[in-house]
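*Asks:* Questions regarding the structure given below will be posed in turn.
The values are calculated or read from the model by the stated rules, or taken from the named source; none is laboratory data. None of these values were measured; they are calculated from a predicted model. Because the Cβ atoms are built from the backbone with ideal geometry, glycine has one as well, and the counts that use them run over all protein chains shown.
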Amino acid sequence: MKIALASDHAGFKLKEQIKAYLKQKEFEIKDFGTYSEESMDYPDTVKLAARAVANGEYERGILVCGSGVGAMLVANKIKGIRATLCPDEYTADYSRKHNDTNMVSFSGRKQSINEVSHLLDIWLSTEYEGGRHQNRLDKISRIEEEESLQIDALTKVYCIIGNPVKHSFSPAMHNAAFKKEGINAVYVAFEVTELEMAVRGIKALGICGASVTIPHKINIIPCLDEVSEIARMIGSVNTLVNKEGKIFGTNTDAEGFYKALSLKTEVNNKNIALFGAGGAGRAILFALFYYAKPAKVFLLDTDKEKQKSLKENIDREFLSGKHKTEIKLETIEKDAWSKIKDKVDIIINATPIGMEPDYNFSILTLEEIPHGCTVMDIVYHPHKTRLLQYAEERKCRIVYGIDMLLYQGVLQFELWTGRKAPIEVMRRALEEKVYSSHAL
């Protein structure tokens, strides 16, 4: 049997004793934390274990907190979890026989390992009786369904289209926002291969808006009725709005990046070093010149052709195009970093360097980061990349990658609904989704 464990600081010692006991009995154990007696909030670990049990990764879950009550309450918020306190033999036995409990919670302050090991022997070995009890569990399941998602004939539909999209974080973020604002809407994911047919489907079905992700951000443009200026300039669309049957496309990645950065530091009249001339770097570079007036931008990339092509695109749009304005953009090689680093106010990593599983890598060493500048890394997994760790050591202001992900979604929500987005609700939903499976 595979068992998930979780505790808070008050339950840490008992959890460790439970873990040792179960390993002696040759159970397969996954410890979701916490890993010390340092004060923490039990929902942060319990939700991870509960989700792992609910989705079938683990057959049972064991929780420990100060009283046992808080951990049980959190677990029972997760759909599919039936958690019980376990103060005595009767509860250990009948919570399995009659309620088919899949998680059990103990008090780290009131129960000893001798008592708990005995109760666990009963709970882990007792089978569910089924029969008349199943009808009651079925009713509980129906209540869960009714409370978790209320859809009717007036529900508006939003979606994300891409391939693949099964692991998209957007549904969690947008559905949390709809729920918080009391909007009768749902956001779902569609794995799309036939792009033109998908756009026609959005029109025909009256889908109100959509996010667009790889590999469709570029190829979708000819399918649209109207494209925003910034999306045209970048050559990429990540957001669709259905305007009475006309599909309007724009790019909130660029503005989302700028919002995340500008909330932490002034961008105008600053010297900026941008690492990466790929798709993300392209959106960021256009955003820097479209939404602000930096003193100068240094563009670094190991691919000289990408550097050259992106610089030509920027020059064409901003030096001779509609926006004709004075910009300073210089392409340089990493070898020249030492010559310019002390001039740089802001460093942006738009490469995948530092992303899991290669989290020990960084575009710059500790010594190469100017003291006291601003450093932004668009990599959001891990949350604090090696680059950002170095930046903190150098007393720099840091901007997390998840902020760009958040604000592009915030802008989408506001475009679709005309309402102010519940940013902190969206942030919590996004962080839980992004980090829950790997955080501990």
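*Asks:* Pairs only if they're at least six apart or on different chains, beta carbon under 8 angstrom, first in the range 265-287 and assigned by TED's automatic domain parsing to the domain that holds residue 302, second in a helix (DSSP H, G or I) and of a type in the set (Lys, Arg); list them, first residue then second.
*Replies:* The qualifying pairs are 271/343; 273/341; 277/306; 278/306.
*Asks:* Residue check, residue 344 against (1) within 21 Å of residue 262 (Cβ to Cβ); (2) touching a Phe, Trp or Tyr at 6+ places or on another chain (Cβ under 6 Å); (3) surrounded by 16 or more Cβ atoms within 10 Å (Cβ to Cβ), all met but one. Which one?
*Replies:* (2)
*Asks:* Name the residue, out of 211, 168, that is assigned to a loop (DSSP other than H, G, I, E, B), closer than 18 Å to residue 426 by Cα and either hydrophobic (A, V, I, L, M, F, W, C) or at pLDDT 90 or above (or both).
*Replies:* Residue meeting the stated conditions: 168.
*Asks:* Also, quick follow-up: Quick check, is residue 433 more than 15 Å from residue 349 (Cβ to Cβ), part of a loop (DSSP other than H, G, I, E, B) and either touching a Ser or Thr at 6+ places or on another chain (Cβ under 9 Å) or basic (Lys, Arg) (or both)?
*Replies:* Taking the combined requirement at face value, the residue does not satisfy it.
*Asks:* Another question about this same structure. If you scan the range 172-223, which residues turn out to be in contact with a Ser or Thr (Cβ under 6 Å, 6 or more places away or on another chain) and polar (S, T, N, Q)?
*Replies:* 184, 211 - these are the residues of the range 172-223 that are in contact with a Ser or Thr (Cβ under 6 Å, 6 or more places away or on another chain) and polar (S, T, N, Q).
*Asks:* Tell me, which helices (runs of 4 or more DSSP H) lie completely within the range 83-160 with 2 or more residues that are among the aliphatic types (A, V, I, L, M) and closer than 30 Å to residue 186 by Cβ?
*Replies:* 132-148
*Asks:* Surrounded by fewer than 17 Cβ atoms within 10 Å (Cβ to Cβ) and over 19 Å from residue 414 (Cα atoms): which single residue out of 218, 272 fits that description?
*Replies:* Exactly one residue qualifies, and that residue is 218.
*Asks:* Any idea which of 359, 380, 407 is within 21 Å of the chain's Cα centre (by Cα), hydroxyl-bearing (Ser, Thr, Tyr), within 30 Å of residue 312 (Cα to Cα) and in the same structural domain as residue 278 (by TED's automatic domain parsing)?
*Replies:* 380
*Asks:* Then there's this: When you go through 35, 94, 90 one by one, which is the residue that is over 21 Å from residue 133 (Cβ atoms) and surrounded by fewer than 23 Cβ atoms within 10 Å (Cβ to Cβ)?
*Replies:* 35
*Asks:* If you take the residues of the range 282-340 that are within 18 Å of residue 258 (Cβ to Cβ) and among the β-branched types (Val, Ile, Thr), which of them is surrounded by the fewest Cβ atoms within 10 Å (Cβ to Cβ)?
*Replies:* The residue in question is 325.
*Asks:* Something else now. Report those helices (runs of 4 or more DSSP H) wholly inside the range 257-373 carrying at least 3 residues which are under 22 Å from residue 434 (Cβ atoms) and polar (S, T, N, Q).
*Replies:* none
*Asks:* Kindly indicate whether any position in the range 228-247 is more than 27 Å from the chain's Cα centre (by Cα) and among the small types (Gly, Ala, Ser).
*Replies:* Yes; the residues of the range 228-247 include at least one that is more than 27 Å from the chain's Cα centre (by Cα) and among the small types (Gly, Ala, Ser).
*Asks:* Find the residue count for the range 10-32, including only residues that are crowded, with 19+ Cβ neighbours inside 10 Å and either in a helix (DSSP H, G or I) or at positive phi (or both).
*Replies:* 7
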